[in-house]
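The values are calculated or read from the model by the stated rules, or taken from the named source; none is laboratory data. Given the structure is predicted, the values throughout are model-derived calculations rather than measurements. Here the Cβ positions follow ideal geometry from the backbone for every residue, glycine too, while neighbour counts run over all protein chains shown. The accessibility values were calculated without ligands, DNA or RNA, using every heavy atom of the protein model including side chains. Shrake-Rupley method; radii C 1.70, N 1.55, O 1.52, S 1.80 Å.
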Amino acid sequence: MAFKQDFLWGGATAANQYEGAYLTDGKGLNTSDVMTVGSATKSRSITWRNLKTGETGSNPAGWGGPTRVVPEGTVPADVAGYYYPSHEGTDFYHHYQEDIALMGEMGFKTFRLSMNWARIFPTGEEDQPNQAGLDFYDRVFDECKKYDIEPLVTLSHYETPLALAINYNGWASRKLIALFEKYATTVIKHYQGKVKYWLTFNEINCMEVAPFVARGVIDGTAQNKAQAAHNQLVASAKVVKAAHALDPAIQIGQMLAYGPLYAYTCDPEDQIKVMEGMQRTLFYSDVQTGGHYPAYQWKRYEREGIKLVDRPEDYDLLAQYPADFLSFSCYGSNVVTTHEETAKSDGNLGQGGIKNPYLETNAWGWATDPEVLRLALNTLADRYHKPLWIVENGIGWADEIAADGKVHDDYRIKYLQANIGSMERAVDLDGIDLMGYTMWGCIDLVSAGTGEMKKRYGFVYVDRDDAGQGTLKRMPKDSFYWYKKVIANNGADLSE
Ligand code: BG6
């Protein structure tokens, strides 16, 4: 059997896309709470207000969009008349018992969720945590325990308390290192004995393309992005240090957005483009998991005139307290070339590049690659020699309810058969040390990229549409029963 007996099968979610209850029980506003709905062809927007004149408006929040996300003199704000999908998500806040029961029914061993920073520290700067926020996650973890589901908790998944974005330009300020450390140590201590596995920052490398979404950086110049990355990397090391001092059994993982790049041609120039593209991603794991700034990054900063505000002890911390394991999201591969090609593709984080003629894509242009997980796992294992965990993988689809009232998502089963098969070969043929697999968006939730409900990933359908209408009723899809079987036989049989 390929997978170890204690392999952690499960699903993944994020508070800003799932939890809702955006101002309930003392929660503060997050960066995600000022982002409107978009679509496959229309970017989400960030709404803003001019505090002097009262003027309001919205700017596109597209991945890889403009450096400054709102006009000078304005701040991102919750403005009446716009629809913000994060405000209700798919209301995990009030459905957690039902949802965790469904996960239990599928046989989940683990459930990846994110904790909402502004639910615990509403502006990020309070001295004391919000007790009602702590109580909510206590109820969630107690519910998980009933089904022997091990939580895997992301401390920051595409949300930063909005006040920190406005007052400090988010993670571009070193001030956030201490504020995050306070938040992280508060919750790690509070949930000691209930939560063993933590992730610091979701897809830390997303800073490159979405500094506001990922890190609360309003003015995302190259200098500010580099500083924000440094601050998060130092914060991660501080959290590892503090968590281990509290309880050596606690493990803090890194979370990287990873998609192998393929060269479109065998032109050596294309291979260099692949190498440079991969450095943009792997820099983050070279530091957070590897413990050191790589030479290529210093050279890049030198060329671009970037100077970090750093301290000598930052580098000691990074070397001494790397992440305990490396987790990553992987939805497919991307193609690059130095040659003129017209057929473009999309992909996670807008990094799709060129269309791969060998692969099928979904309606959002994301390619399905049957070998991607084996490739990803081998590259990361060879480079870091640390345990790995696939914490996001899946396919977005505009599921429809059939005449018999059910969702027959055979396309999702096909995608997962290919991907889990590839993961199995990595374990079986290459001996990869893999901790677990959590399929993305296990219960339908809002899309991060487009804000749509239509782009669904779940094993469970949630009745809600792109205008925020629907009963929020849950209904298992065909893939629910398939995944239940896969978990029951520990991945030995992937057939339908
Ligand atoms: C990952 C994010 O990049 O991709 C998730 O961590 C996101 O938050 C997922 O939802 C899928 O992307 P999308 O845009 O289809 O929701």
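For ASP142 and LYS52, what is the calculated FRET efficiency with R₀ set at 35 Å and r taken between the beta-carbons, to the nearest 0.05?
0.15
Please enumerate, by chain and number, the lysines with C-alpha under 29 Å from the C-alpha of LYS454, excluding those fewer than 8 residues away in the same chain.
The reachable lysines, counting only those whose Cα sits under 29 Å from LYS454, are LYS27, LYS42, LYS109, LYS344, LYS355, LYS406, LYS414, LYS473, LYS477, LYS484, LYS485.
Nearest 20 debye, what's the magnitude of the dipole of the range 167-236 about its Cα centre given +1 on Lys and Arg Cβ and -1 on Asp and Glu Cβ?
Rounded to the nearest 20 debye, it is 340 debye.
So what are the three principal axis dimensions of the range 75-200 from its Cα atoms, in whole Å, longest to shortest?
Answer, in whole Å and largest first: 45, 37, 23 Å.
Counting alpha carbon pairs within less than 8 Å and at least 6 residues apart, what relative contact order, in whole percent, applies to the range 418-462?
29
Considering only C-alpha atoms, what is the centroid distance from the range 268-324 to the range 175-236, in Å?
17
Could you sort LEU434, LEU375, LEU359 by accessible area so the largest value comes first, with the probe set to 1.4 Å?
Listed by decreasing accessible area, they come as LEU375, LEU359, LEU434.
If a/c stays under 1.5 just call it rounded; otherwise compare a/b with b/c (prolate if a/b is bigger, oblate if not). Do that for the range 124-169, with a ≥ b ≥ c from the square roots of the Cα gyration tensor eigenvalues.
Oblate is the answer for the range 124-169, as a/c is 1.5 or above yet b/c matches or exceeds a/b.
Does the chain come out rounded, prolate or oblate, given a ≥ b ≥ c as the square roots of the eigenvalues of its C-alpha gyration tensor, rounded meaning a/c under 1.5 and, failing that, prolate meaning a/b above b/c?
rounded
Would you mind calculating the relative contact order of the range 47-139 from Cα pairs under 8 angstrom and at least 6 residues apart, reporting the percent as a whole number?
After rounding, I find 18 percent.
Counting C-alpha atoms alone, how compact is the range 29-90: give Rg to one decimal and Dmax as a whole number, in angstrom.
So, for the range 29-90, Rg and Dmax equal 11.5, 35 Å respectively.
For the range 51-210, what relative contact order do you get, as a whole percent, if you take Cα pairs closer than 8 Å and at least 6 residues apart?
So the answer I get is 26 percent.
Once you sort the root eigenvalues of the Cα gyration tensor of the range 337-496 as a ≥ b ≥ c, which label holds: rounded (a/c under 1.5), prolate (a/b larger than b/c) or oblate (the other case)?
oblate
Using the Cα centre of the chain as the reference point, and only Cβ charges (+1 on K/R, -1 on D/E), how large is the resulting charge dipole? Debye, rounded to the nearest 20.
Dipole about the Cα centre, nearest 20: 720 debye.
Which order do you get for GLU452, GLU340, GLU105 if you rank them by accessible area with a 1.4 Å probe, largest at the top?
GLU340, GLU105, GLU452
Using a 1.4 Å probe, how large is the accessible area of LYS307, given in Å² and rounded to the nearest 10?
150
Rounded to the nearest 20 debye, what is the charge dipole size of the range 108-181 about its Cα centre when +1 sits on each Lys and Arg Cβ and -1 on each Asp and Glu Cβ?
That gives the range 108-181 a dipole magnitude of about 260 debye.
To check my understanding: the extent here is largest minus smallest coordinate of the Cα atoms along each principal axis. What are those three numbers for the range 395-467, in Å, largest first?
46, 28, 15
What ranking do 260-270, 9-19 get when scored by the average of other Cβ atoms within 10 Å per residue, highest first?
Result, highest mean first: 9-19, 260-270.
Whenever you get a sec, compute what percent of the accessible area on the chain sits on carbon and sulfur atoms (1.4 Å probe).
On the chain, the fraction of accessible area on carbon and sulfur atoms equals 51 percent.
So how far apart, in nm, are the two label points at THR24 and ARG383 if each is 7 Å from Cα heading toward Cβ?
4.0
Using label points projected 7 Å from each Cα along Cα→Cβ, tell me how many nm separate ASP127 and HIS339, to one decimal.
6.6
How much length, in nm to one decimal, is gained on full extension between LYS485 and MET275, taken as 0.36 nm per residue of separation minus their Cα-Cα distance?
So the extension gain works out to 71.6 nm.
Rolling a 1.4 angstrom probe over the protein heavy atoms, how many square angstrom per residue are accessible across the chain?
38
Have a look at the DSSP beta bridges in the chain and tell me what percent are antiparallel, nearest 5.
35
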